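Computed from the coordinates by the stated procedures, all read-outs in this text should not be read as laboratory data. Everything numeric here is computed off the predicted structure, so don't read it as measured data. All Cβ positions, even for glycine, are placed from backbone atoms using ideal geometry, and neighbour counts span all protein chains on display.
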Amino acid sequence: MTTENVTITETAPDGTETTVEITQTKPDEAGGVGASSIVEEVIDALFDDGTVDSEDLQDFEVVEEATSEDEVLPEEAMPEDEVLPEEKMPEDYVEAVPVTESPVFAEEAQESPDTADAEAAAAEATEAAAAEAHAQAAEAAQQAADQFVEQGDYAAAADARETAENEAWEAGDQSALHGSTAAEMESADTRQENAEYFEQQEAWHAQQGDYSAARDDARSAANETGWADHMAGGADHTGQADKEAEQMDWAVWEEGNADYQAANAEWYAERGDLDQAAASAESAGEHQAAADYHGDLGEHGGDMAVYDASSDVSTGGSYDAPEADTTDYSSE
């Protein structure tokens, strides 16, 4: 028994080569004399119509070999489930994405870019509106503080200024603020209260005829008032206390003269100079009357008290901040 091998190489129109190797096993006496082998018949058939009958090849082993690793099969010969290598993928290839039978998407995942942009714009508008409202509130409170300072009401000015500072902080804009701070105005208010205390003391000492103590009280009141005006940035309101202190200074001087003449009258009387003693006693009375007169002029709040219009203040005010605009534009 012998074998017979035939190798057939076919080149397709696109340049692809296909190699077919046929191996035949036959008996020594097969076919008789003149009989053609099956291999020969296959070759004849190939050259006759370019095809090979599957029945003629059923006894042969057919081996197909690719010419190279990079060779690509013709489109019609490619298996349906074969996937092209990534480098061979067509540019317009789109991979199919499996979808479940009943897809369920989260509500937020369906939000369109337009909706997100609208919400962001609404939130930005709300923030801007709030900042503007706080800025306007800060400006209004600062204006109120200025008015209270002008009136000399440092307590109310401190409240208004504190509101202005808080609103300016919320707005992120300090441009509306000017002048003294809330802390400085609170100190001014404290100084103003101290001045009022000394004014009351001055009035009491004046009524008691203690013009020296009244003068000290008036000077202390002027000092505290001056500090209050300075710290609040207000006008000078020390005129009244200064005038009262001046009158008390005159009262103290006249009272000193009265005491001197009274001492002289006593000295002359001891020596029997009654005329000179009487004259000195009369002079002492006149100086004491003058002291009392100046004491009345300097008595704070008295009927004859001197008056200085520049020291007038209007206290007891308060600042009620307007209701802020809380419009939420994100809900519109």
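If the viscosity is 1.567 mPa s and the temperature 4 °C, what Stokes-Einstein diffusion coefficient in µm²/s follows for segment 267-311 when Rh is the Kirkwood radius over Cα pairs?
In µm²/s, the coefficient is 102.
Given H placed on each backbone N at 1.01 Å, which residues far from I8 in sequence or on other chains put an amide H within less than 5 Å of it?
Close amide H contacts, sequence-distant or interchain: V20, E21, I22.
Under a point-charge model restricted to the Cβ atoms of Lys and Arg (+1) and Asp and Glu (-1), what is the dipole moment magnitude of segment 212-253 relative to its Cα centre, in debye to the nearest 20?
So the magnitude is around 40 debye.
In Å and on Cα atoms, what radius of gyration and Dmax does segment 162-210 show?
Radius of gyration, then largest Cα-Cα span, for segment 162-210: 18.5, 58 Å.
Applying the Karplus parametrisation 6.51 cos²θ - 1.76 cosθ + 1.60 with θ = phi - 60° to the phi angles of segment 222-232, what ³J(HN,Hα) value in whole Hz is obtained for each residue in order, glycine and proline being reported as x?
Ordered by residue, 3J(HN,Hα) equals 5, 5, 5, 5, x, 5, 4, 4, 5, 6, 8 Hz.
For segment 169-248, what mean projected area does the convex hull of the alpha carbons give, in nm²?
5.4
Write down the radius of gyration of segment 220-325 and its Dmax, each obtained from C-alpha positions, in Å.
22.6, 91
How compact and how long is segment 134-177, expressed as Rg and Dmax of its alpha-carbon atoms in Å?
Values for segment 134-177 (Cα only, Rg and Dmax): 9.7, 30 Å.
Give, rounded to the nearest 20 debye, the magnitude of the charge dipole that segment 188-332 has about its Cα centre when Lys and Arg contribute +1 at Cβ and Asp and Glu contribute -1 at Cβ.
Using Cβ point charges on Lys, Arg, Asp and Glu, segment 188-332 gives about 480 debye.
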